[in-house]
């Protein structure tokens, strides 16, 4: 084996060992983020479920309408106000 190939092999082995160390360190740092990532995955799964099955939302609304119709009206008014506030904020963000 010539000297150049031997130097390249040593350099490669050093880099492979360094990659292993960095991979282990990254796995340890990523372990701290695992609970947050799992929570985000659960929220995304719930959103996908509701997008696939929008009728699921009708049950609580129907129960609320039968149980407390005035409260449903208050929630509707609050929801419309919140919707308008969000739309106004989105419009202002687009201007900048």
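The values are calculated or read from the model by the stated rules, or taken from the named source; none is laboratory data. As the structure is a prediction and not an experimental result, all values here were calculated from the model. All Cβ positions, even for glycine, are placed from backbone atoms using ideal geometry, and neighbour counts span all protein chains on display.
Are any of the residues in segment 16-34 touching a helix residue (DSSP H, G or I) at 6+ places or on another chain (Cβ under 9 Å), at negative phi and without any contact (Cβ under 8 Å) to a residue 60 or more places away in the chain?
Of the residues in segment 16-34, the ones touching a helix residue (DSSP H, G or I) at 6+ places or on another chain (Cβ under 9 Å) are 30.
Narrowing the set further to residues that are at negative phi leaves 30.
Still in the list and also without any contact (Cβ under 8 Å) to a residue 60 or more places away in the chain: 30.
Yes, there is a match, as at least one residue in segment 16-34 is touching a helix residue (DSSP H, G or I) at 6+ places or on another chain (Cβ under 9 Å), at negative phi and without any contact (Cβ under 8 Å) to a residue 60 or more places away in the chain.
Of the helices (runs of 4 or more DSSP H) contained entirely in segment 9-96, those carrying at least 3 residues that are surrounded by 10 or more Cβ atoms within 10 Å (Cβ to Cβ) and at pLDDT below 85 fall at 58-67, 69-95.
Being within 20 Å of the chain's Cα centre (by Cα) and loosely packed, with under 10 Cβ neighbours inside 10 Å is not true of residue 5.
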